[in-house]
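What follows is a short report on a single structure.
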Amino acid sequence: MWGICSRSEEASDYDKRHMSLCAWLLHDVSEAASEEDLARVTLGLDPAGRRAVVRDVVQSHLRRAHWIADTLFPLLW
């Protein structure tokens, strides 16, 4: 099960291991995926289970994906 992402201002090992997940989340959001779809398809979570927890996990991963895209990706160019 996925947990809540860090809000650290530094890239973590978790961030490095899940860079492709961040890319998929951002791609799916750009394609207008719903939060339920992000949970089920991208993260493999059952949104019908613990809805509040799943919502928090999805939102934290989206926040982190945006942080990585805005902060780390520009450093790669």
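The values are calculated or read from the model by the stated rules, or taken from the named source; none is laboratory data. All figures in this text were calculated on a predicted structure; none of them were measured in a lab. Please note: Cβ atoms are built from the backbone with ideal geometry, for glycine as well, and neighbour counts cover all protein chains shown. Just so you know, the surface numbers come from the protein's heavy atoms only, side chains and all, with ligands and any DNA or RNA stripped out. Shrake-Rupley method; radii C 1.70, N 1.55, O 1.52, S 1.80 Å.
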| request: Determine if segment 64-71 includes at least one residue that is surrounded by 14 or more Cβ atoms within 10 Å (Cβ to Cβ), in a helix (DSSP H, G or I), among the basic types (K, R) and in contact with a Cys (Cβ under 7 Å, 6 or more places away or on another chain). | output: yes
| request: Look at S60 and say whether it is hydroxyl-bearing (S, T, Y) and part of a helix (DSSP H, G or I). | output: yes
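If you scan segment 24-55, which residues turn out to be surrounded by 14 or more Cβ atoms within 10 Å (Cβ to Cβ), touching a residue at least 12 places away in the same chain (Cβ under 8 Å) and either more than 13 Å from G3 (Cα to Cα) or among the acidic types (D, E) (or both)? Please lay out each step first, then the result.
Taking segment 24-55 first, the residues surrounded by 14 or more Cβ atoms within 10 Å (Cβ to Cβ) are 24-26, 28-29, 33, 35-40, 42-43, 45, 47, 53-55.
Of the ones still in play, those that are also touching a residue at least 12 places away in the same chain (Cβ under 8 Å) are 24-26, 28-29, 35, 38-39, 42-43, 45, 47, 54-55.
Result: W24, L25, L26, D28, V29, E35, L38, T42, P47.
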| request: Given the conditions (1) open to solvent by less than 80 Å² (accessible area, probe 1.4 Å); (2) of a type outside the set (V, I, T); (3) assigned to a loop (DSSP other than H, G, I, E, B), report the number of the one that E10 does not fulfil. | output: (1)
| said: Considering only residues that are within 12 Å of the chain's Cα centre (by Cα) and among the aliphatic types (A, V, I, L, M), which ones fall in segment 11-40? | reply: M19, L21, A23, L25, L26, V29, L38, A39
